[in-house]
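To start, the structure under review is shown below, and the notes come after it.
The values are calculated or read from the model by the stated rules, or taken from the named source; none is laboratory data. Bear in mind that the values here come from a model prediction, so they are computed numbers and not experimental data. Cβ: placed from backbone, ideal geometry, glycine included. Neighbour counts: every protein chain shown.
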């Protein structure tokens, strides 16, 4: 793609990067075949190729983003299926990040939307605030039909029927390896939304890793990965959250050593693995950010590296599991076969749905900010998953689990909960009669 940025614009390293990404695109249109919003809306401007043209025009102009461009960029899930499909290696994720930041800096949204985005940015990255917000949303659910704004109704609809008790395992502490001297020492990123919505995931991760000989540390000072605000274009906020994590993990590594930073929410993993790029121009953080990104492993990656010999429990061998591949896992981190291999090794029958590459519509805060598109994608995903007649649906991202669980007719659990159960841990709560 030909670009026409001025020399002054190209003096900005971020603009240089976007210019390089834009020039990589050859207009082939392969991306339209795997883009969820293009599948739903059928509008070229709601495809990666169309958005690339819009972003090019917006950045070249240097002026405020116009409402039409904002509308089509906002409709992008950021699922990155286009990057998996692209034969030219267009790094759409970094281009989209630049576009969102430009929109946030130059475009004034309507008051209700500004307030909603501000609230999401102030609530979700903070587990206790999010827990309180979900409790309030549960009280408001019976009155959802009276709420005029569809986005607020969507937020009420996503509130879980019950919230789990606070897990003390999420507090900064060290969990000793089972059986004596540890084979490795890892930091577990406990997340933010996950700590409010499903505490079983971190608990299962800690049990499984310690059982396999790892010393697990929940690091003081580590918190939200920054993805929620990053994908809203709020650069300063996302970098502040990321910098806090970098400081925390590097301090722990220097003091007592770390073999890995393990993450069990694939959306967070994709973000942390990109810290090196985010801070590439920052003299104070560039090297440290790169090292943290290099240490980061999805829980499935790390379990595969440990090569655990997980023997299936008798009940597990009779379960049919439909595996949902989160976009941040299969497209963002390019992890596709590993979770399925681990589940099969543990004795589960694992099947995959049709259209496994398409997003479920969760995408961070997308199911709140774009509820109509998200609902259609969620229904489509749930139907494809249920068509495989599963006993349980497994996924590796809390957002997907909430989105799919609202429409699926069977329990939705994290893959690590199944692996923990198969190797001696408790049966996942969602599979128990009282669950």
**Prompt:** Within the range 170-178, is there a residue that is in the same structural domain as residue 267 (by TED's automatic domain parsing), outside any strand (DSSP E or B), over 18 Å from residue 220 (Cβ atoms) and at pLDDT 85 or above?
**Reply:** yes
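Taking residue 36 as the residue in question, decide whether it is more than 17 Å from residue 90 (Cα to Cα) and in the same structural domain as residue 70 (by TED's automatic domain parsing).
On the way: more than 17 Å from residue 90 (Cα to Cα): yes; in the same structural domain as residue 70 (by TED's automatic domain parsing): yes.
Spelling it out, residue 36 is indeed more than 17 Å from residue 90 (Cα to Cα) and in the same structural domain as residue 70 (by TED's automatic domain parsing).
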**Message:** Among the residues that make up the range 306-321, is at least one of them surrounded by 14 or more Cβ atoms within 10 Å (Cβ to Cβ), within 18 Å of the chain's Cα centre (by Cα), at pLDDT 95 or above and not assigned by TED's automatic domain parsing to the domain that holds residue 35?
**Reply:** no
**Prompt:** Within the range 164-193, how many residues turn out to be crowded, with 22+ Cβ neighbours inside 10 Å, under 23 Å from residue 429 (Cα atoms) and either in contact with a strand residue (DSSP E or B) (Cβ under 9 Å, 6 or more places away or on another chain) or free of Cβ contacts under 8 Å to residues at least 12 places away in the same chain (or both)?
**Reply:** 4
**Message:** Would you confirm, using the coordinates I've provided, whether residue 149 is touching a residue at least 12 places away in the same chain (Cβ under 8 Å), surrounded by 18 or more Cβ atoms within 10 Å (Cβ to Cβ) and either touching a helix residue (DSSP H, G or I) at 6+ places or on another chain (Cβ under 8 Å) or under 27 Å from residue 371 (Cβ atoms) (or both)?
**Reply:** no
**Prompt:** If you check residue 297 against the conditions, is it assigned to a helix (DSSP H, G or I), surrounded by fewer than 24 Cβ atoms within 10 Å (Cβ to Cβ), assigned by TED's automatic domain parsing to the domain that holds residue 212 and modelled with pLDDT of 95 or more?
**Reply:** no
**Message:** Any residue at all in the range 5-20 that's in contact with a helix residue (DSSP H, G or I) (Cβ under 8 Å, 6 or more places away or on another chain), outside the structural domain of residue 369 (by TED's automatic domain parsing), within 24 Å of residue 327 (Cβ to Cβ) and crowded, with 20+ Cβ neighbours inside 10 Å?
**Reply:** yes
**Prompt:** Mind checking which residues of the range 132-146 are within 14 Å of residue 163 (Cα to Cα) and either out of contact with any helix residue (DSSP H, G or I) (no Cβ under 7 Å at 6 or more places or on another chain) or outside any helix (DSSP H, G or I) (or both)?
**Reply:** 132, 135, 136, 138, 139
**Asked** Wholly within the range 184-273, which strands (runs of 3 or more DSSP E) include no fewer than the required count, namely at least 1 residues that are within 16 Å of the chain's Cα centre (by Cα)?
**Response** 184-189, 260-263
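Sort out which residues of the range 15-29 are touching a residue at least 40 places away in the same chain (Cβ under 8 Å) and either assigned to a helix (DSSP H, G or I) or under 26 Å from the mean Cα position of the chain (by Cα) (or both), and write them in order of number. Before you say what the answer is, go through the steps one by one.
Our first condition is that a residue be touching a residue at least 40 places away in the same chain (Cβ under 8 Å); within the range 15-29, this holds for 15, 17-18, 21-22, 24-26, 28.
15, 17, 18, 21, 22, 24, 25, listed by residue number.
Here is a yes/no grid of residues against (1) under 20 Å from residue 329 (Cβ atoms); (2) surrounded by fewer than 19 Cβ atoms within 10 Å (Cβ to Cβ); (3) without any contact (Cβ under 8 Å) to a residue 40 or more places away in the chain:
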position: 384; (1), (2), (3): yes, yes, yes
position: 387; (1), (2), (3): no, yes, yes
position: 397; (1), (2), (3): yes, no, no
position: 424; (1), (2), (3): no, yes, no
position: 429; (1), (2), (3): no, yes, no
position: 433; (1), (2), (3): no, yes, yes
**Message:** Based on this model, can you work out whether residue 161 counts as more than 24 Å from residue 36 (Cα to Cα) and either out of contact with any strand residue (DSSP E or B) (no Cβ under 6 Å at 6 or more places or on another chain) or outside any helix (DSSP H, G or I) (or both)?
**Reply:** yes
